[in-house]
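Each remark here refers to the structure printed beneath this line.
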Amino acid sequence: MARDYFQLQGKTALITGASSGLGVHFARVLAEAGATVILAARRADKLAAEVAALRATGAQASAVAMDVTDPASVDSAFAEITGDSGNIDILVNNAGVADDPIRFLDTGEEEWHRVIDTNLNGAWRVARAGARHMAEAGIPGSIVNIGSIYGLRTGAMKVAYNVSKAGVVQLTKAMAIELCRQQIRVNALCPGWFLTDINKEYFESERGERYIKTIPARRMGAMEDLTAPLLLLASNAAAGYMTGSVLTVDGGIAESPI
C-alpha cells in the first residue's frame, strides 16, 4: 500500500494572514490533511468566520490576533498559542500586502515602509518567533515563507513589493542554513498570479485579459494549484531533506523573458 506522504495528523500549524485569500486556502488545505490549524491575522471578525467554517467540516481550528508589524502583538500571539495549544510544528508565514501600481519616482516613505514593514520585517519577525518556539521545544518543524515570483524577477510599478519579496527569499535561505541542526526546515513558496478578490476586477477587464495572454501557461493560477506544493513543503515525511528551497508555482512566468 502506497504511503500517504501528505498526511499531517498530530501536527499543529500556524498560518498568518489567514483572514482572506491565500491564507484561507492554506488553512483549509492543512486542516484537510489532518493538522490542527491556528489562523492568525488582525481582523478578528474575519478569523472567527473562517474558524467557524473549518469547525463545521470537523476540523480542529482556532484563531489568534496578530499584527505582524507589531513586535508586542507577535510576542503576545505566540504566548497565547503556547498556553492554549502547546507547540506548533508548521508555520506558514503568509501575511503580506501590495499597494496599487506606483512609479519608482513617485514612491513615498509611507508606501515604502508599509510594504517593507509587513512583507519583509513582518515575515522576519514571525519566522524568528516561530523558529525560537520550535527550537526551545525541540520540535523538528517546517517553516514555509510565502514569497512571490517578483522576489525572483522584477516588474515595473512595484519596487517596494519586489524588494520585500526578494528579501523573503534571502531570509529563507539564511534561516535554512542556520536552523538545520535544530531540525527546522525553512523553504519558500513563490506563487505567480492567482485570482483573488483584490485583483479579480482587473483580470476580468480587457487590459487584464491581455496580460493573462502573456503568461506562458495562458491562464491565471487556481488556488488548487498551490495545494500539493504547500503540503510538500509542510510535510517532513514528504520533504524531510528539503530546506532552503524556493518553489515557484507560476505558470512559467519566472522563466519567461522580461
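The values are calculated or read from the model by the stated rules, or taken from the named source; none is laboratory data. This structure is a prediction, so every number in the text was calculated from the model and none was measured. Methodologically, a virtual Cβ is constructed for each residue, glycine included, from the backbone with ideal geometry; neighbour enumeration extends over all protein chains shown.
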Among THR107, THR82, THR36, which is the only one that is of a type outside the set (A, V, I, L, M, F, W, C), surrounded by 13 or more Cβ atoms within 10 Å (Cβ to Cβ) and closer than 25 Å to MET157 by Cα?
-> THR107
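Every residue, every condition in (1) polar (S, T, N, Q); (2) surrounded by 17 or more Cβ atoms within 10 Å (Cβ to Cβ); (3) within 30 Å of ASN87 (Cβ to Cβ), yes or no:
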| position | (1), (2), (3) |
| --- | --- |
| PRO140 | no, no, yes |
| SER164 | yes, yes, yes |
| THR214 | yes, no, no |
| ALA222 | no, no, no |
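Yes/no per residue for (1) in contact with a helix residue (DSSP H, G or I) (Cβ under 8 Å, 6 or more places away or on another chain); (2) part of a loop (DSSP other than H, G, I, E, B); (3) of a type outside the set (S, T, N, Q):
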site: ALA49; (1), (2), (3): no, no, yes
site: GLY58; (1), (2), (3): no, yes, yes
site: VAL68; (1), (2), (3): yes, yes, yes
site: ILE116; (1), (2), (3): yes, no, yes
Total residues in segment 8-24, condition in a helix (DSSP H, G or I) and at pLDDT 95 or above = 3
Of the residues CYS190, CYS180, which single one is modelled with pLDDT of 95 or more and within 27 Å of TRP112 (Cα to Cα)?
-> CYS190
Is at least one residue of segment 201-223 in contact with a Pro (Cβ under 9 Å, 6 or more places away or on another chain), farther than 15 Å from ILE90 by Cα and of a type in the set (Lys, Arg)?
-> no
Taking into account only those residues within segment 239-258 that are over 12 Å from GLY192 (Cβ atoms) and loosely packed, with under 13 Cβ neighbours inside 10 Å, which is nearest to the chain's Cα centre (by Cα)?
-> TYR241
Out of ALA27, ALA53, ALA31, ALA79, sole residue that is of a type in the set (Gly, Ala, Ser), under 15 Å from the mean Cα position of the chain (by Cα), more than 15 Å from GLY96 (Cα to Cα) and in a helix (DSSP H, G or I) = ALA27
